[in-house]
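J.: Sharing a structure here in structure tokens format.
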Amino acid sequence: MKVAVIGSGGREHTIIKKLKESKKISKLYAIPGNGGMAEDAQLVPIPVTDINKICEFAKEVKIDYAVVAPDDPLVAGMVDALNEIGVPCFGPDKKAAIIEGSKVFSKDLMKKYGIPTAAYGVYSNMEDALAYVETAPLPTVVKADGLALGKGVIIAETREQAKEAVISIMGDKVFGASGNQIVIEEFLTGPEVSVLAFSDGKTLIPMVSAMDHKRAKDNDKGLNTGGMGTIAPNPYYTSDVAKTCMDEIFIPTIRAMEKEGRPFKGCLFFGLMITPNGPKVIEYNCRFGDPETQVVLPLLKSDLFEIMQACTNGTLHQAEVEFSNGAACCVVMASEGYPQKYESGFPITVDSDIEATVIYAGAKKEGDTVLSAGGRVLGVSATAPDLKAAIEKAYKETEKVHFKNAYKRNDIGARALKALD
Ligand code: AMP
Ligand code: GLY
């Protein structure tokens, strides 16, 4: 079968590498992919948001199945458009992708169905929001309703910061129409856990849990980034926590979406906080996480393509979904200066004896040379029987990847190891 993966980052490269293991697939396209993936898939230079062009391409080469990985095309209805021309997809349709596309929708859904989350208020009028933050408990959390390139959440420590956040989102419209409404919510504390889950709309199967490291610098200092590294499994996600999450969060969410006439098919991402009052939902994403995917899929023992098809066809209850008992670590190598100003365009070389997987995110190809082409350039992903060994291996193998201006955190997984002790 001919399969297209839509997206261009490390998440998509990981999905492609896993799909390559499936015997059912004869040809893989990455739309648009990146230069670092060229060995694994044929690159098709169409932007992920150009739904019409992607549909035209799918018809032209007779794509049999598509995996729509990023949030924007999912929220914009890429799956609906591809389904209409007869291409089955992995990913939610527009009606279900709203679970990520609108924070107001997701908060109201959780409230309606009693799914644990931070207390909140919705504001569509700036004056009301400003009046609320005058008396809100601090810190307070201000969130733009819609997609905002991962930057729509502001944790305000002071009233001044909270007001600035409200004005920039609702008044200055820094995220455009995504800021027509905002959510202001209670600040929660506790370790964060990412759980990705397969769903066919009725059945839900959680994958191995993961921990992201969002800050740019060691010890969780510095600016927020798209993720500087991940480990799996997450030690804070104990079997007790997992059971509570399944009973109080995962299954209720899938049932709620079904009841709302928005059955969710694809990968549902639960951003959880393990608070002193139990696990609560921080956010839903309607897709695989990045860089969580880079540690979760390498631990999947079953055929990813068969699972994806089962999600599409509503037969997930019959599918074999098995994960290894081992652990994984992905260390992101970024361009020095990311997430602010950085230089790129430098050749990347990888020693031939590398024993980890190099997952490209911000890379391009010129002739036979792969060059850095973004903030997060690549991830080095390693698996091992336990977490300590996976972390050591990932770091050791980063020494075999070379490009000018390479920057990495040195403590990916350190907090997780401490928690294990
Ligand atoms: P999001 O963009 O929704 O993933 O939020 C980004 C980050 O903000 C999360 O990973 C949390 O670390 C933090 N965050 C979001 N909501 C809350 C909250 N209610 N309390 C504390 N931290 C939060
Ligand atoms: N790693 C968080 C996300 O993919 O949104």
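Values in this text are rule-based calculations from the coordinates and carry no lab data. A quick note: this is a predicted structure, and the numbers were derived from the prediction, not measured. When we count neighbours, we look across all protein chains shown, and the Cβ atoms used for this are built from the backbone with ideal geometry, even at glycine.
J.: Loop-only check: which GluC sites (Glu not before Pro) in the range 111-199 are DSSP coil with at most 13 other Cβ within 10 angstrom?
T.: 134, 157
J.: To continue, here is another question. Based on DSSP H assignment, which helices of the chain show an axial Cα extent of at least 18 Å together with a mean Kyte-Doolittle hydropathy greater than or equal to -1.0?
T.: Long hydrophobic helices here: none detected.
J.: Let me ask something else. Sorted by mean Cβ packing within 10 Å, highest first, what order do the peptides 79-88, 370-379 take?
T.: So the order, starting with the most tightly packed, is 370-379, 79-88.
J.: Report the net charge of residues surrounding residue 74, where surrounding means a beta-carbon distance below 12 angstrom and charges are Lys +1, Arg +1, Asp -1, Glu -1.
T.: Value of the local net charge: -1.
J.: Let me ask something additional. Around residue 144, what is the net charge, scoring Lys/Arg as +1 and Asp/Glu as -1 over all other residues with Cβ under 15 Å from its Cβ?
T.: My count for the surroundings of residue 144 gives -3.
J.: Here's something else I'd like to know. Fewest Cβ neighbours within 10 Å first, please rank 170, 1, 110 accordingly.
T.: 1, 110, 170
J.: Distance from a point 7 Å along Cα→Cβ of residue 174 to each backbone N in the range 220-234: keep the residues under 16 Å and list them by number.
T.: Residues 223-226 qualify, since their backbone N sits under 16 Å from the label point.
J.: Please report the antiparallel percentage of the DSSP beta bridges confined to the chain, to the nearest 5.
T.: 80 percent
J.: Okay, moving on. Checking a compactness column here: for the range 137-205, what do you get for Rg(Cα) / (2.2 N^0.38 Å), N being the number of residues?
T.: Cα-based Rg divided by the globular estimate yields 1.37.
J.: Expressed as a whole number of Å, what is the distance separating the alpha-carbon centroids of the range 117-149 and the range 350-421?
T.: So the two Cα centres are separated by 38 Å.
J.: Here's a follow-up. When a/c is below 1.5 the answer is rounded, else prolate if a/b is larger than b/c, else oblate, so apply that to the range 233-328 with a ≥ b ≥ c taken from the square roots of the Cα gyration tensor eigenvalues.
T.: It comes out oblate by the Cα gyration axes.
J.: Give me the percent relative contact order of the range 312-421, please, defined on Cα pairs under 8 angstrom at least 6 residues apart.
T.: It rounds to 35 percent for the range 312-421.
J.: Which loop GluC sites (Glu not before Pro) in the range 3-40, with loop taken from DSSP, have no more than 16 other Cβ atoms within 10 angstrom of their Cβ?
T.: Qualifying residues, ordered by number: 21, 39.
J.: While we're looking at this one, here's another question. Is the shape of the range 1-68 rounded, prolate or oblate, going by the alpha carbon gyration tensor and its root eigenvalues a ≥ b ≥ c, with a/c under 1.5 for rounded and a/b larger than b/c for prolate?
T.: Details: a/c = 1.89, a/b = 1.17, b/c = 1.62.
Oblate is the answer for the range 1-68, as a/c is 1.5 or above yet b/c matches or exceeds a/b.
J.: How fast does the range 41-193 diffuse by Stokes-Einstein, in µm²/s, taking the Kirkwood radius from C-alpha pairs at 4 °C and 1.567 mPa s?
T.: 75 µm²/s
J.: Next up: Looking at the chain, I'd like the Rg to Rh ratio, where Rg is from alpha-carbon atoms and Rh is Kirkwood's inverse mean 1/r.
T.: Numbers: Rg = 20.7 Å, Rh = 21.8 Å.
With Rg and the Kirkwood Rh in hand, the quotient comes to 0.95.
J.: Next question, about the same structure. Cα gyration tensor of the range 332-421, axes a ≥ b ≥ c as square roots of the eigenvalues: rounded (a/c below 1.5), prolate (a/b > b/c) or oblate?
T.: oblate
J.: Which of the trypsin sites (Lys or Arg not before Pro) found in the range 171-266 are loop residues per DSSP with 16 or fewer other Cβ atoms within 10 Å of their Cβ? Spell out each step's value before the answer.
T.: On the way: sites: 173, 202, 214, 215, 217, 221, 243, 255, 259, 265; in loops: 173, 202, 214.
Loop-located and lightly packed - 173, 202, 214.
J.: OK, next. Check which residues have an amide H placed less than 5 Å from residue 214's amide H, if you skip close sequence neighbours.
T.: 228
J.: Continuing with this model, one more query. Please give the Cα centre distance for the range 309-345 versus the range 209-233, rounded to the nearest Å.
T.: Between the Cα centres of the range 309-345 and the range 209-233 lies a distance of 14 Å.
J.: Please report, in whole Å, how far the alpha carbons of the range 376-421 spread along each principal axis, starting with the longest.
T.: Extents along the principal axes, in whole Å: 37, 19, 14.
J.: Summing -39500 (n - 2.57) over the DSSP H runs of n ≥ 4 in the chain and dividing by its residue number, what mean residue ellipticity at 222 nm do you reach, to the nearest 500 deg cm²/dmol?
T.: Working: 14 runs with 117 residues, N = 421.
So the calculated ellipticity at 222 nm is -7500 deg cm²/dmol.
J.: Which of the aspartates and glutamates could be linked to residue 111 by a straight reach, that is with a Cα gap under 20 Å, when you skip same-chain ones fewer than 8 residues away?
T.: 100, 145, 185, 186, 247, 248, 258, 260, 283
J.: Report the local net charge at residue 30: Lys and Arg +1, Asp and Glu -1, summed over other residues whose C-beta lies under 10 Å from its C-beta.
T.: So the surrounding residues net to -2.
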